[in-house]
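All remarks here apply to the structure that follows.
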Amino acid sequence: MSNVISVEDLENSKNKTITVKTEENIDGINALTPIRADLTFRSLGDFIEVSGNVKGIVKLECDLCLKEFEYKLDFDIDELYAKHALIEAPDESGQEFEIKDGQFVTDLNGSDEIDIYDLLYQSVILNLPNKKVCGINCNGEDKFSKEEEMSDPRMDVFKNIKIEDNK
């Protein structure tokens with residue numbers, strides 16, 4: 001299975017649609033299972049729409065207690081690729097296309113293919129939580145004990161400073 005979708009193959013396919021099922025181990029993502037994706041590529045004139053679902057399990061580090069935990073990925077992809085440069089003269093065909101809330105258009109910059117691996121990497125990264133917390137009851141206690149263990153010995157001189165109040 002190729003990790004790219006050729007624009008030419010997409011244009012020549014039945015209904016200008018290609019469906020891909022893939023499992024990828026993606027560098028830079030600490031996945032416990034391969035990232036599974038069911039994707040549909042559709043040619044829509046000047047655009048290519050990619051829709052589908054991505055699933056997998058990744059290992060994250062809790063921002064509160066610093067323990068590793070498993071995070072289940074299960075999200076939908078809805079991306080648009082522009083076949084031609086987006087900054088050109090207005091399209092004479094009058095084709096209108098609605099961009100949904102939260103949807104971005106990626107310019108292929110003259111490329112004749114879409115890299116599935118790169119699409120999955122970017123999608124997974126964007127769908128990881130901003131604040132990674134191992135559980136609802138995490139109170140971060142381990143973080144503070146680790147911080148104390150890792151305190152800088154050069155700062156020990158400040159532990160015994162007494163400040164007098166001269167009012």
Practice task
Pairs to check: Lys132/Lys162; Lys21/Lys72; Lys55/Lys131; Lys16/Lys131; Lys21/Lys83. Give those whose C-alpha atoms are more than 28 Å from each other in this structure.
Solution key: Lys132/Lys162; Lys16/Lys131
Handout entry: Additional length obtainable on full extension of the chain from Val105 to Arg36, 0.36 nm per residue less Cα span
Key = 22.5 nm
Practice task
With label points built 7 Å along Cα→Cβ from the Cα atoms of Asp27 and Ser13, find their separation and express it in nm.
Solution key: 2.6
Fill in the blank from the handout: Expected sort for Leu39, Leu66, Leu32, Leu10 with the fewest Cβ neighbours (10 Å cutoff) up front is Leu32, Leu66, Leu10, Leu39
Practice task
Grab the Cα-Cα distance for Arg154 and Leu60, subtract it from 0.36 nm times how many residues apart they are, and report the gain in nm with one decimal.
Solution key: 30.7 nm
Completion exercise
Expected sort for Glu24, Glu8 with the fewest Cβ neighbours (10 Å cutoff) up front is Glu8, Glu24
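Taken together, the values in this text are just the output of simple stated rules run on the coordinates, not laboratory data. Keep in mind that what you see is a predicted model, and the values were worked out from it rather than measured. In this analysis, Cβ positions are derived from the backbone assuming ideal geometry, glycine residues included, and neighbour counts consider all displayed protein chains.
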